1. Can you tell me which residue in the range 28-55 is nearest to the chain's Cα centre (by Cα), limited to those that are of a type in the set (S, T, N, Q) and surrounded by 13 or more Cβ atoms within 10 Å (Cβ to Cβ)?
2. Can you name the residue in the range 2-27 that is open to solvent by less than 30 Å² (accessible area, probe 1.4 Å) and not in a loop (DSSP other than H, G, I, E, B) and, of all such residues, is nearest to G84 (Cα to Cα)?
3. Of the conditions (1) free of Cβ contacts under 8 Å to residues at least 40 places away in the same chain; (2) open to solvent by 10 Å² or more (accessible area, probe 1.4 Å), I107 fails just one. Which one is it?
4. Looking only at the range 58-84, filter to residues that are assigned to a loop (DSSP other than H, G, I, E, B) and open to solvent by less than 30 Å² (accessible area, probe 1.4 Å); which one of those is nearest to A20 (Cα to Cα)?
5. S129 is checked against (1) surrounded by 13 or more Cβ atoms within 10 Å (Cβ to Cβ); (2) modelled with pLDDT under 90; (3) of a type outside the set (K, R) and fails just one. What number does that condition carry?
6. Take the range 34-50 and flag every residue that is out of contact with any strand residue (DSSP E or B) (no Cβ under 6 Å at 6 or more places or on another chain) and closer than 15 Å to P14 by Cβ.
7. Within the range 56-70, restricting attention to residues that are β-branched (V, I, T) and under 22 Å from A81 (Cα atoms), which residue is farthest from the chain's Cα centre (by Cα)?
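The values are calculated or read from the model by the stated rules, or taken from the named source; none is laboratory data. In this text the structure is predicted, and so the values were computed from the model without any measurement. Note: ideal-geometry Cβ built from the backbone for every residue, glycine included; neighbour counts use all protein chains shown. Note: areas computed on protein heavy atoms with side chains; ligands, DNA, RNA excluded. Shrake-Rupley method; radii C 1.70, N 1.55, O 1.52, S 1.80 Å.
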Amino acid sequence: MGKIQYTNIDNIAPHPGDIAVLSNENASAVVGLANSNSLVILGTWIDSPNPGFVGTVENDNVYVNCEVLPSLGDRLYLSAANKGQVTNTAPPNAYFVGSVLQIGQQIGAYYQIQTIFNKYGSPLATAVSPGAVPNYPILPADAPA
């Protein structure tokens, strides 16, 4: 899909690389946090729009902000503790984001991690270890004939 613009209706300006999720308002997004709500994960903010302003979200080959230092190949999940960030340990309401392709620089308390974004944004059926296979939805193109 690539880059799409959304209005940031969160009460904070996201950092580039923070995960954006669809809000309940038209063409708007907030900084994501894994919880029991049904989330539509859009991608990562590539800018820092102030609340009420339009920003750009990308969901292809992106950098995400990780709360811990992972290893290459680790699976990444939306964090349940730090808004907008990912972790390599699946929380109770696990949303698979992608796998670590490259580890970038540390910025403050988080690490920039390159991944190919999981465009489905769907939750896993159950929390699993980082080495387990995620449960993707079956799309019409993938359905058995």
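1. So, considering only residues that are of a type in the set (S, T, N, Q) and surrounded by 13 or more Cβ atoms within 10 Å (Cβ to Cβ), the one nearest to the chain's Cα centre (by Cα) is T44.
2. The extreme case among them is I19.
3. Answer for I107: the failing condition is (1).
4. The first filter runs over the range 58-84 and keeps only residues assigned to a loop (DSSP other than H, G, I, E, B), leaving 59-60, 67-74, 79-84.
Next, only the ones that are open to solvent by less than 30 Å² (accessible area, probe 1.4 Å) stay: 59, 70, 79, 84.
Working: N59: 10, P70: 21, S79: 12, G84: 7 Å.
Among those residues, the one meeting the criterion is G84.
5. So the condition that S129 fails would be (1).
6. S48, N50
7. Going through the qualifying residues, I end up with V68.
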